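> Next up is a structure, given as structure tokens.
The values are calculated or read from the model by the stated rules, or taken from the named source; none is laboratory data. Everything quoted here is computed from the prediction, not taken from an experiment. Glycine also receives a Cβ, built like all others from the backbone with ideal geometry; neighbour counts cover every protein chain displayed.
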Amino acid sequence: MAPILEVKGLKTQFRTRDGTIKAVNGVSFDLDEGETIGIVGESGSGKSVTSLSILRLLPTPPAEIVEGEVLFEDKDLTELDERDLRKIRGGKISMIFQDPMSSLNPVMRIGQQLLEPINLHLGLKGDVAYRRAVELLRAVGIPDPERRIRGYPHEFSGGMRQRVMIAIAIAANPKLLIADEPTTALDVTVQAQILDLIGQLRKELHTSVILITHDLGVVAGIADRILVMYAGHIVERAPTDELFANPRHPYTLGLLASVPRLDDVGVNELQTIPGAPPDMLNPPAGCPFQPRCPFAIEKCKTFPPDVTVGREHKSACWVDVTAPAEIERAKQRGFIPLRPVGGSFIGETQRSVQ
Amino acid sequence: MEILQQPDASQQSGIAAIELTPDLVRKRRGQLRIIFDRFVRNRAAVAGAIVLSIIILMAIFAPIITHQTATYDPANTIPDHPKPSDLLAGPSWAHPMGTDELGRDFFARMLFGAQVSLLVGFSSMLVAIVIGASLGAIAGYYGGWIDNVLMRVVDAMLALPYLLLLFVLSIIFSNGTVGTVVLIIAILAWPATARIVRGEFLALKHQEFLMATRTLGAGDLRLILRHILPNAAGPIIVNATLLVGLNIINESVLSFFGFGLTPPQSSWGVLLGQSQTFFNAAPRMLYLPGFAILITVLCFNLIGDGLRDALDPHLTLR
């Protein structure tokens with residue numbers, strides 16, 4: 001299947017008074033029709049900047065896409081003018097944001113906000129548009145949509161608002177839905193509902209989804225493939241099962257180790273990745289994870305290439321983290337190997353439950 | 001609207017039924033209703049609104065109240081052969097506020113003057129708000145050099161001696177008609193509005209919901225008019241209310257010094273200007289229009305304060 005989105009060598013930088021912040025450093029990936037990918041990484045790893053760069057939503061200046069292509073339906077989005085971009089935004093590609101509390105206009109009724117993309121992209125007006133708005137609210141699970149459509153955002157709970165945001169995002173039947181930490185601001189039970197909803201809509205509408213999160217548990221159940229980002233680079237990419245079963249990048253190992261496990265309560269201390277993410281004004285030479293990495297070797301001073309380590313599985317690391325000798329060496333630097341529980345990791349357990 | 005009246009809408013979902021207890025239904029009020037309720041709680045503002053309504057009604061129905069034709073021509077109301085006792089006469093049943101130096105009914109002049117003063121106050125407010133809000137919105141939304149240029153113009157306008165500018169402008173442009181006076185007063189009033197609106201836009205433009213709207217493909221104009229401006233409505237409405245009062249004062253100042261409207265047109269400022277000559281003979285002719293201006297402007301300021309409290313989202317009351 002031909003990919004609907006191809007990102008090639010995307011580099012986004014912020015010019016600030018203190019220097020240039022290289023937020024995204026040559027990110028490449030593609031996305032098939034109907035496919036869901038998860039982009040995972042900690043704060044400041046460039047996940048959000050990547051997604052905002054795709055739609056060119058970052059204010060220029062200070063942000064600037066200095067290199068790369070974003071191919072969507074044979075068009076390079078980095079070269080479109082504002083007018084054409086507006087047709088794509090909300091029409092072909094739409095976005096859901098982290099905080100449903102602040103993502104809706106407080107002085108506009110839900111209905112009015114929902115009608116915007118319907119008017120703008122579908123060209124529907126009046127009764128037809130209104131009916132579609134009601135149907136959308138029903139589709140995302142808002143009870144009594146005929147009445148709720150006249151409500152203001154403050155009359156909705158966080159989870160309900162995120163449902164409204166999703167309704168707005170899918171209003172014009174987009175080909176691609178970018179969800180930027182859609183569940184981070186919600187409590188856990190609501191998180192699961194929203195993820196279910198996204199998963200269900202994706203199947204019904206055959207929409208591709210980019211799910212951005214810092215929570216491996218969130219992507220485990222829904223993504224087909226996972227990209228792990230660190231300091232503006234994709235350090236590891238693999239199909240979801242493969243990534244959880246066979247993580248190859250030391251950073252991915254660190255992320256997996258720092259997920260709290262229900263089967264481990266009170267036994268072992270929760271692992272953290274020592275150190276802090278690099279200062280993006282002066283990123284370290286070579287592998288950006290090297291200063292925090294227990295596997296680091298002399299060679300890490302130069303940037304590692306993507307090494308194919310399995311089926312559709314690439315990791316940007318010089319070291320084979322599965323080699324017993326390397327593990328022994330890392331252990332001496334405080335590395336604690338992941339202990340598979342019943343042969344599976346937390347993410348997989350969750351996946352099989354679903 | 002059919003869709004709203006579908007019979008199954010009410011029994012749509014159990015969740016909705018649980019959320020909406022009768023108690024909650026009773027408490028549910030529209031946005032306007034909430035603002036109105038908060039406004040009503042402010043006694044001074046309500047008093048101001050009532051007094052102002054009376055003044056406005058009297059101005060509108062001036063022809064009926066004073067038995068004049070709707071197109072009031074002060075020249076026609078001058079008695080043909082006035083007796084000396086008809087000039088500058090004190091209050092009487094026929095002339096509740098007495099007569100002026102030409103024997104005209106002063107009450108009629110006051111009411112028709114109120115028409116003009118209020119008309120000038122409101123229309124110059126509208127002009128000033130349209131100019132100020134547009135330029136303020138552009139400056140705040142786009143920022144950068146546009147903001148810089150516009151705000152330096154505003155600074156310059158605000159730095160000029162206010163009265164001097166008022167007089168110079170009217171000497172150059174005014175021909176004594178209502179239209180030119182309105183424009184001159186509006187030119188003085190817009191910079192303050194522009195500043196307020198710019199501030200609101202600066203604070204609002206980085207809100208996440210605007211980014212969300214942008215991802216839907218909304219253009220700049222749509223964002224400014226439909227999404228940001230309504231959020232800034234509160235401060236703009238308050239500013240507009242206060243501006244009407246301020247503009248009435250400015251009209252009076254202009255007309256008092258003879259730069260504004262010219263007699264025989266009547267406005268409170270014109271009355272003040274004409275009456276100063278007769279201060280010893282008939283001090284009421286100064287006191288009455290002065291008092292009218294004072295009361296009217298006070299009403300606008302009280303209402304403005306009341307609206308400020310009522311529209312302030314930080315004072316959300318249940």
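> Would you call A:Phe97 out of contact with any Pro (no Cβ under 9 Å at 6 or more places or on another chain), closer than 30 Å to A:Lys8 by Cβ and of a type in the set (Phe, Trp, Tyr)?
no
> Still on this model: As an exercise: evaluate B:Phe201 against (1) aromatic (Phe, Trp, Tyr); (2) at pLDDT 85 or above; (3) surrounded by fewer than 24 Cβ atoms within 10 Å (Cβ to Cβ) and give the number of the one condition it does not meet.
Of everything listed in (1) aromatic (Phe, Trp, Tyr); (2) at pLDDT 85 or above; (3) surrounded by fewer than 24 Cβ atoms within 10 Å (Cβ to Cβ), B:Phe201 misses just condition (3).
> Look at A:Leu57 and say whether it is of a type in the set (A, V, I, L, M, F, W, C), within 22 Å of A:Ala23 (Cα to Cα) and at the interface with chain B (Cβ under 10 Å from one of its Cβ atoms). Explain how you work it out, then say what you get.
On the way: of a type in the set (A, V, I, L, M, F, W, C): yes; within 22 Å of A:Ala23 (Cα to Cα): yes; at the interface with chain B (Cβ under 10 Å from one of its Cβ atoms): yes.
Against the criterion (of a type in the set (A, V, I, L, M, F, W, C), within 22 Å of A:Ala23 (Cα to Cα) and at the interface with chain B (Cβ under 10 Å from one of its Cβ atoms)), A:Leu57 qualifies.
> Here is a follow-up. A:Glu155 versus (1) at the interface with chain B (Cβ under 9 Å from one of its Cβ atoms); (2) buried (at least 17 other Cβ atoms within 10 Å of the Cβ); (3) closer than 26 Å to B:Asn231 by Cα: which is the lone unmet condition?
Condition not satisfied by A:Glu155: (2).
> I'm told B:Ser266 meets every condition in (1) among the small types (Gly, Ala, Ser); (2) in a loop (DSSP other than H, G, I, E, B); (3) within 13 Å of another protein chain (Cβ to nearest Cβ) except one. Can you identify the failing condition by its number?
Going through (1) among the small types (Gly, Ala, Ser); (2) in a loop (DSSP other than H, G, I, E, B); (3) within 13 Å of another protein chain (Cβ to nearest Cβ) one by one, B:Ser266 breaks only (3).
> Would you mind telling me which numbered condition in (1) out of contact with any Ser or Thr (no Cβ under 7 Å at 6 or more places or on another chain); (2) within 14 Å of chain A (Cβ to nearest Cβ) B:Glu208 fails?
Among (1) out of contact with any Ser or Thr (no Cβ under 7 Å at 6 or more places or on another chain); (2) within 14 Å of chain A (Cβ to nearest Cβ), the lone unmet condition for B:Glu208 is (1).
> Continuing with the same structure: Is one or more of the residues making up region B:283-304 free of Cβ contacts under 8 Å to residues at least 40 places away in the same chain and polar (S, T, N, Q)? Steps first, answer last, please.
Within region B:283-304, the subset free of Cβ contacts under 8 Å to residues at least 40 places away in the same chain is B:283, B:286-287, B:290-291, B:294.
Now restrict to residues that are polar (S, T, N, Q): none.
Scanning region B:283-304, I find no residue that is free of Cβ contacts under 8 Å to residues at least 40 places away in the same chain and polar (S, T, N, Q), so the answer is no.
> Would you point out the residue of region B:109-134, among those that are touching a helix residue (DSSP H, G or I) at 6+ places or on another chain (Cβ under 7 Å) and among the β-branched types (Val, Ile, Thr), that is farthest from B:Ser53 (Cα to Cα)?
As a first pass, look at region B:109-134 and keep what is touching a helix residue (DSSP H, G or I) at 6+ places or on another chain (Cβ under 7 Å): B:109-125, B:127-129, B:131-133.
Those still in the list that are among the β-branched types (Val, Ile, Thr) too: B:116, B:120, B:127, B:129, B:131.
Details: B:Val116: 16, B:Val120: 17, B:Val127: 22, B:Ile129: 22, B:Ile131: 27 Å.
For region B:109-134, the residue satisfying everything is B:Ile131.
Rundown of residues vs (1) away from every other protein chain (no Cβ under 14 Å); (2) in a helix (DSSP H, G or I); (3) modelled with pLDDT of 90 or more; (4) over 16 Å from the mean Cα position of the chain (by Cα), yes/no style:
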site	(1), (2), (3), (4)
B:Asn231	no, yes, no, yes
B:Ala240	yes, yes, yes, no
B:Glu251	yes, yes, no, no
B:Gly258	yes, no, no, yes
B:Leu271	yes, yes, no, yes
B:Ser275	yes, yes, no, yes
B:Pro289	yes, yes, no, yes
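> On to the next question. Out of the residues in region A:93-115 that are in contact (Cβ under 8 Å) with a residue 40 or more places away in the chain, touching an Asp or Glu at 6+ places or on another chain (Cβ under 7 Å) and in a loop (DSSP other than H, G, I, E, B), state the one that is surrounded by the most Cβ atoms within 10 Å (Cβ to Cβ).
Among those that are in contact (Cβ under 8 Å) with a residue 40 or more places away in the chain, touching an Asp or Glu at 6+ places or on another chain (Cβ under 7 Å) and in a loop (DSSP other than H, G, I, E, B), it is A:Ser103.
> In region A:128-147, what residues are surrounded by fewer than 22 Cβ atoms within 10 Å (Cβ to Cβ), more than 8 Å from chain B (Cβ to nearest Cβ) and part of a helix (DSSP H, G or I)?
Those that are surrounded by fewer than 22 Cβ atoms within 10 Å (Cβ to Cβ), more than 8 Å from chain B (Cβ to nearest Cβ) and part of a helix (DSSP H, G or I): A:Val128, A:Ala129, A:Arg132, A:Glu135, A:Arg138, A:Ala139.
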